[in-house]
Every structure is written in structure tokens, then in C-alpha cells.
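Every number in this text was worked out from the coordinates using simple rules, so none of it is lab data. Computed from a predicted structure; not experimentally measured. Note that each Cβ is placed from the backbone with ideal geometry, even for glycine, and that neighbours are counted across all protein chains shown.
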Amino acid sequence: MTARIIDGKAIAAQLRARVAAEVQRLAREHNLTPGLAVVLVGENPASAVYVRSKAKQTEEAGMRSFDHRLPESVSESELLALVDTLNADPAVHGILVQLPLPPQIDSQKVLSAVDPAKDVDGFHPLNAGRLATGLPALTPCTPLGCVMLAKTVHASLAGMEAVVLGRSNIVGKPLIQLLLAENATVTVAHSKTRDLAEVVRRADLLFAAVGRPEMVRGAWIKPGAAVIDVGINRVAGADGKSRIVGDVAFAEAEQVAGAITPVPGGVGPMTIACLLVNTLRAACAIRGVPAPAL
Ligand code: NDP
């Protein structure tokens, strides 16, 4: 069997088109244009690439994009002052502080300073707590995208055996909560898990977010499973050039799985599309208009 490829690029493009249509409707019916502020500290080239694509896709969706660049040497209090200004700005409905931040800055302090109503990354402890207790919340974008991709394979995840590899605050933990909310039976594995292969073999739905290139082997995967690969790992190719691979050994896994996301072109494009979804939802909640179902 060869797995169906879950085309994250195409699915994300469709989602962005639905967001853009809703942005037009909000402008027409409520005179509301959602605005997203992205704060980039320093010159990290990967972060600069992400921030550029976020700004481009925000504008393509008809939203306002506010770009803030601060030098690597910025102090924590200067960054907190910028966050305060954005919290108070009525044109800004979403605030994203691009991680990682330089060592003189306490990232948790900065993430906790963002107004929870504008926390489109879903990293504020209040939103994490709301998600964990089943209250409406702004939800981290990558896990949100993962669940949307899984639901293109199975319309309902209820009762399915889901295995999440990784328990980070930005991917694994919120993903567990989202899957529970979909009534999946969830197992989480991490670096201290004994016999990872045996845990993976239970999964009807496998989510790999460990940051270990091609760690999950094809032989671990249950035949027919849906595999969502979150990993983005840069490795040296045989030709000396670097290439990006996921956490799953794709060539092996696609022989066994029922459906699988490629890397790149799977979860990555969904992350930015979900950021636009969150910005739209935040703008609606702040203005007090019903959020569209997307
Ligand atoms: P973290 O490093 O924060 O977390 C990795 C998790 O994997 C930890 O829970 C760790 O366990 C677990 N882990 C590490 N090694 C093993 C192992 N050998 N066996 C089992 N579990 C292991 O990573 P992130 O969650 O931030 O990111 C994970 C991956 O997803 C990365 O490749 C990252 O680049 C990618 N990513 C992709 C995004 C996208 O848009 N597509 C967005 C965000 C991340 P423990 O807790 O015990 O240390």
C-alpha cells in the first residue's frame, strides 16, 4: 500500500482563501479590518524568513500587518514596553513575538505580558489553561493545523487511538488537549518513554513532534495509520547540500501508512494559515461580533 499524501500546501491555501473571504465580509458588514503585529528581535535568518511569510500572507488575506524589528541587544524592559503599546493599540488584534528571544530576555515573561485577547500564538498561560479546561481559547497554531490535517483524513477523530510524540508547550501539550476535545484516545510519548516503537504501533493517528530527523521508522507504524509529521530538521544531503526532513522516515512510512504529510509541504503551511484564523477570531472577539466557522 502507498499512503495518500496529505497536501498541507493546498489545504492551507484553501483555508487562507476562506479567511480572506471572511475578512472582506467583516470589512463590509462591521467596518472591521483585523490587524496582526509581529515582533522580531535580532537577525536570526530562519526567524526573518518566517516573519516575512507571515507578513505577506497576512496582507494577502486582506488584514493589516504591523512589522516591528528590534536589535539583538534590546533590553527586556524595552521589549515589554513595545508589547504594552501593542496591547493598547485598537488597530492591533493579534500580537506575535517571534521566538527564540536573546538570552537577556525572559521569554515566558514576554509571552505572559501579551494581552490574552490578542495572544494569537496561544502561548499565554491563561489561554493554555482555558484550552486545558475546555473553555474557548486562542490555540497554538501548529497543533491547530495538525488536527485540521488529521480531519481531512477522518472527519471524526472520536474513539481513535492517537499517539503524540513530544510534550513541548508549543506543540505536544496543546495537541493533546485538542485531540481530547475531539474525543480521541490520546497517548503521549517523550524522551523517557520506554519502547517508543511499541507505543507508536498502537496509533490510528500518529503526530510526530520530537525534532529528531527521520526517527520514526516505517516498521513502527500501524498499517493504514494517518501520520502527521511536525518535525522540521535540516540535514546534510549526500550531495553536500542541506535539505529539510521530518521526524518520520517518509520513504519507509509511506509504504505502510494510509495517509501521510510530506516535509516540507505538510504541517508548515498550516501553521501560518492558522495564525490568520486566530487573528480573525481575536478581532471578532475583541469587537464582539460572532466568529465565523472556518
Ligand atoms: P522541543 O524540543 O521543545 O520538544 C521535543 C519533544 O520531543 C520533547 O517533549 C522531548 O521529550 C521529545 N523527544 C526528544 N527526543 C526524543 C526521543 N528520542 N524519543 C522520544 N521523544 C523525544 O520541540 P518542539 O515541540 O518545539 O518542536 C518539535 C519539532 O517540530 C521540531 O522539529 C520543530 O522544528 C518542529 N516544529 C514545526 C513547526 C511547524 O510549523 N511545522 C512549528 C513548531 C515546531 P522531553 O520532553 O522528555 O525532553
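Below are the figures for this structure:
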{"read-out": "Cβ-based charge dipole, the chain, positive-most Cα from Met160, Gly268, Ile286", "value": "Met160"}
{"read-out": "Set Lys173/Lys222; Lys118/Lys192; Lys109/Lys192; Lys9/Lys173; Lys56/Lys118 screened for pairs whose C-alpha atoms are more than 30 Å apart", "value": "Lys118/Lys192"}
{"read-out": "For the stretch 124-152 versus the stretch 159-200, the gap between their alpha-carbon centres in whole angstrom", "value": "14"}
{"read-out": "Computed [θ] at 222 nm, helices only, for the chain once each DSSP H run of length n ≥ 4 contributes -39500 (n - 2.57)", "value": "-12500 deg cm²/dmol"}
{"read-out": "Counting DSSP beta bridges with both ends in the chain, the antiparallel % (nearest 5)", "value": "10"}
{"read-out": "Within a Gaussian network of the chain (alpha carbon springs, distance under 10 Å), most fluctuating of Pro125, Pro116, Pro174", "value": "Pro125"}
{"read-out": "Cα-centre dipole for the chain with unit charges at Cβ (Lys and Arg positive, Asp and Glu negative), debye to 20", "value": "500"}
{"read-out": "Spin-label model distance (nm) - Leu80 vs Arg234, 7 Å beyond Cα toward Cβ", "value": "3.3"}
{"read-out": "The stretch 30-116: C-alpha gyration tensor shape, a/c 1.5 cut-off, then a/b vs b/c", "value": "oblate"}
{"read-out": "Cβ-based charge dipole, the stretch 30-116, positive-most Cα from Leu111, Leu40, Ser53", "value": "Ser53"}
{"read-out": "Highest-fluctuation residue, Ala197, Ala137, Ala236 considered, GNM on the chain with Cα pairs under 10 Å", "value": "Ala236"}
{"read-out": "The chain: most fluctuating residue of Lys151, Lys118, Lys192 per GNM, C-alpha cutoff 10 Å", "value": "Lys192"}
{"read-out": "For the chain: rounded, prolate or oblate by the Cα gyration tensor [a/c cutoff 1.5]", "value": "prolate"}
{"read-out": "Relative contact order [Cα under 8 Å, 6+ residues apart], the chain, whole percent", "value": "22"}
{"read-out": "Pair Ala55, Thr152: separation of 7 Å Cα→Cβ label points (nm)", "value": "2.8"}
